[in-house]
Every structure is written in C-alpha cells, then in structure tokens.
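Let me begin by presenting the structure, written as structure tokens, before commenting on it.
Derivation of every value follows stated rules applied to the coordinates shown; laboratory data play no part. In this text, all values refer to a predicted model and were calculated from it rather than measured experimentally. Don't worry about glycine lacking a Cβ; one is built from the backbone with ideal geometry, like all the others, and counts go over all protein chains shown.
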Amino acid sequence: MTTRRQTHPLRDAHTDRDAAKVVPDTPQTRASAYRLAFTDDDFMCRDELRPVRLQLELLKPEMLLDQHSITSTIVLFGGARIPRPAEKDRARTKTLADLSHFYGEAREFSRLMTIKSQESMGRENVIVTGGGPGVMEAGNRGALDAGGHSIGLNIVLPHEQAPNEYVTPELCFNFHYFAIRKMHFLMRARAICVFPGGFGTMDELFEALTLIQTGRMQRVPVLLFGQAFWESILNWDALADAGTISEEDLDLFRFVENAADAMHLIENWDTAPARDKIPGRS
C-alpha cells in the first residue's frame, strides 16, 4: 500500500518523529516531557486521553477499509470454542463436539459468499469475523479457500490470544474497546450470520437486534444457524408472550441450518428501511 502523498508544504510528522530519535542524549532529552506527544506511549495511555484513543480505534480501521475500497461486509458471529470437525473428539463437552459441524457450515458459507464478493472485485460482501478461533477461524478460512480476503476484528483479552492464521494480514485489526469493535462489525454490515456461541456471541446478537428493533439500524438479514440450539437456550416466544418484545420482533431474524439456505435468503432479501416506530409501544 502506498503512503498518501503530502499535500502541504509543512514538515510532516514522520520526519520529526525520526529526527527526535537522534537528538543528543541529555537529561532534558531523556525526560518524558520532551517526548513528542503522539509518540509518547505513557502519555497516550493516560485516563484523560481516553476520548482520543476511542477516536483512533474508530478511525484507523475505517481508513484502512476505505483504502481497500471495501464498501460492505457479511458479519459472522459464533463461538470460539466450537472445534474443527476433525478435532471434535477433543471437545470439552459432547454438545460442543456435536456443534462442530457448524465449523464446516461457516467455512462453506464464507467460501460461497467470497466467490460472490469477487464479482465486485472483493469490495462488497466481504467476510468479517472476530478474528479468533472456532467459528471465527472457519469464516476467515472459507474466504481464503475461495481465494479472497477477509477481515478480522480482534480484541485484547487477559488470557493469551492471537488472530487465526486465515485472516488477511492487512485487514487484521486489534481493539482495546469492545464498543468501538462492535461499531465496526455493523457499520458496513449487509447481513449478520450468528452461529452457536456463548456470552460474547449473544452480546453481539442482541446488540444488533436491539439496533434494528429500535430503528437505529436498517433492516438486514439476521440469520441464526442451528434452530435447535437457539431454541434450547432462549425462549423467544416467552418474550413475546410476556410483552417485553412484540410479535413483530420475532420477524427480525430467521433460522437457517446450512450455508446454502443462508446464501438463498441473503440473495433474495428485500431491502427494508429502518423502523420509524417500535411495535407494541404507544
């Protein structure tokens, strides 16, 4: 990727950053106060700089995705613990072992969607995952199977973690703030595919459903892979019966079982505007 050409006559930040590394070694130049603010890691990590860090995490991926001309994405959410089918015998529980076939479905769906994306030179409907293992790995892997690129939005966690090996390196991002990461999942989303998972997957699912329910986001396909799994952990009808959501809200998502069904629904989706009112509220 080429560096953007300077369009003004003033000395640029890169030059001064490099020059500041070769100043004479004196008590003054060793003092933290002397460091350029934008190269001072300790300064950038101060609590007072949180608004700046939030802005940078929003801006950096946005600029790089724009540079790659990526205009829309297909989001894959799902469990990091779901094993590859060939490794299901090592799964912690029988249920996780049984869910391993969704690794294959996520991989196949991403492969098919990436083939479709290549009709736009890889600018539209690009697969984006959380960049980790399990379903996320399967999503990035399927894109690579098709010879395309994919995005990984990683997050720093207390335990050891690293991006999966299938994320396109120049589209592999890392976040400190969960909120900004979730914004990037949805800012370009043309569809949201949710595979079985745990707290993180449900957090991402309900964030998206809430935005669509309240009219803060345009209607896009929200596809839940594995109806038996989702209905075993969430009593959707009970929410509607209780009146905490409306019957119409149950129409905000669809259940699918395989990659082919998901592709069919997305390709035949009638674009709908954002809601201008919430059903069930006066």
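General remarks:
- As a length-normalised measure over Cα pairs under 8 Å and 6 or more apart, the relative contact order of the chain settles at 16 percent.
- The stretch 257-263 - phi-based ³J(HN,Hα) in whole Hz, Karplus 6.51/-1.76/1.60, Gly and Pro as x: 10, 8, 5, 5, 4, 5, 4
- The long axis of helix 50-67 is offset from the longest Cα principal axis of the chain by roughly 70 degrees.
- Degrees separating the helix 101-117 axis from the principal Cα axis of the chain, which is the longest one: 70 degrees
- Nearest 10 degrees, 0 to 90: helix 135-145 Cα axis against the chain principal axis: 80 degrees
- Net charge dipole size for the stretch 71-267 [Lys, Arg +1 and Asp, Glu -1 on Cβ; Debye, nearest 20]: 580 debye
- Measuring r between the beta carbons of Ala20 and Gln67 and using R0 = 45 Å, the FRET efficiency lands at 0.95.
- Taking every alpha-carbon pair in the chain and binning the separations at 5 Å intervals from zero gives 1, 5, 10, 14, 16, 14, 11, 9, 7, 5, 4, 3, 1, 0, 0 percent.
- Take 238-248, 142-152 and order them by the average number of nearby Cβ atoms within 10 Å per residue, most first; the result is 142-152, 238-248.
- Look at where the Cα atoms of the stretch 227-282 and of the stretch 1-55 average out, and the two centres are 48 Å apart.
- Helix-only [θ]222 nm of the chain, DSSP H runs n ≥ 4, -39500 (n - 2.57) each, per residue, nearest 500: -11500 deg cm²/dmol
- Cross-link partners for Lys21 among the aspartates and glutamates, with Cα-Cα distance under 20 Å and sequence neighbours closer than 8 places in the same chain left out: Asp12, Asp40, Asp41, Asp42.
- Per-peptide packing, taken as the mean over residues of other Cβ atoms within 10 Å, places 44-56, 183-195 in the sequence 183-195, 44-56 from highest down.
- Annotation for Ile233 and Asp89: the two label points, set 7 Å from Cα along the Cα-Cβ direction, are 2.7 nm apart.
- Rounded to the nearest Hz, the phi-derived 3J(HN,Hα) couplings of the stretch 13-28 under the Karplus curve 6.51 cos²θ - 1.76 cosθ + 1.60 (θ = phi - 60°) are 5, 4, 5, 5, 4, 5, 5, 5, 7, 10, 6, x, 7, 9, x, 5, where x marks glycine and proline.
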